[in-house]
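> Once you've had a glance at the structure underneath, I'll fire off some questions.
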Amino acid sequence: PKRLNKGFYSHIIPAIKIAKSKRKGIVFKTQFSGSFDSLADFHQNEDLIVIASIEDTGPSLFSEASLCGVPAISTSIGWPMEVIENNVNGIIVERKVEAIADAIIRLYDDRDLLESMKKRIRDDYIKILGRNIMKERWLTLFKQIL
């Protein structure tokens, strides 16, 4: 989280502070240590993730959360850009504190939209970046090269 490109301290923490000041029921959770096996349990107890990175091919957080049915508010990077259909299974935001805070508040206020996103994100992730589709893409690439 200390890497500047991740935006954790520069964007996520300030956005959470703004959102919490406007909606007292917002709870912020993080997990920076623990076993890989503990991630699924962690994600089962959250409603959404926030990604403010500017330089990620992944990030793996997006994959882990999506496969656990947790939608993302994310900047336009890597896998989120491939999977997120904006305002359908997640939200793509500008890398601005206010934009992130507004998206958090929007989903806090619109639980129907949040629940709809939760129901879609896993299947949408698998459809676009799942093992079978990625296997086919790699095979196609190797066939074209060879």
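> Given R₀ = 41 Å, FRET efficiency for N86-I145 by Cβ-Cβ distance, to 0.05?
Result of the calculation: an efficiency of 0.75.
> Ok, one more. Rounded, prolate or oblate, given the Cα gyration tensor of the range 46-114, with a/c below 1.5 counting as rounded?
Judged from the Cα gyration tensor, the range 46-114 comes out oblate (a/c at least 1.5, b/c at or above a/b).
> Keeping the other protein chains in place, figure out the carbon and sulfur percent of the accessible area of the range 1-68, with a 1.4 Å probe. Spell out each step's value before the answer.
On the way: 2290 of 4120 Å².
Carbon and sulfur: 56 percent of the exposed surface of the range 1-68.
> So what are the three principal axis dimensions of the range 78-119 from its Cα atoms, in whole Å, longest to shortest?
For the range 78-119, the Cα spread along each principal axis is 25, 24, 9 Å.
> What does the charge count around F62 come to, taking other residues whose C-beta lies under 10 Å from its C-beta (Lys +1, Arg +1, Asp -1, Glu -1)?
Residues close to F62 contribute a combined charge of -3.
> Place a point 7 Å from the Cα of I26 along the Cα-to-Cβ direction; which residues of the range 97-113 have their backbone N under 15 Å from it?
Flagged as within label range: 97-111.
> Mind checking the per residue accessible area of the chain for me, 1.4 Å probe, whole number of Å²?
On the way: 8800 Å² over 146 residues.
Result: 60 Å² per residue.
> Relative to the longest principal Cα axis of the chain, at what angle does helix 111-129 sit, 0 to 90 degrees, rounded to 10?
Once rounded, the angle reads 20 degrees.
> Return an integer: the convex hull volume of the alpha-carbon atoms of the range 1-140, in Å³ per residue.
Cα-based convex hull of the range 1-140, divided per residue, equals 110 Å³.
> What angle do you read, to the nearest 10 degrees and between 0 and 90, between the alpha-carbon axis of helix 13-22 and the longest principal axis of the chain?
The two axes meet at around 50 degrees.
> Which three semi-axes in whole Å describe the equivalent ellipsoid of the range 1-81, each the square root of 5 times a Cα gyration tensor eigenvalue, listed largest first? It would help to have the intermediate numbers written out before the result.
On the way: eigenvalues 70, 59, 30 Å².
One finds semi-axes of 19, 17, 12 Å for the range 1-81.
The values are calculated or read from the model by the stated rules, or taken from the named source; none is laboratory data. Since we're looking at a predicted model, the values are computed, not measured. Reconstructed Cβ throughout: ideal geometry from the backbone, glycine too, with neighbour counts over all protein chains shown. Accessible surface is based on the protein model in full, side chains and every heavy atom, while ligands, DNA and RNA are left aside. Shrake-Rupley method; radii C 1.70, N 1.55, O 1.52, S 1.80 Å.
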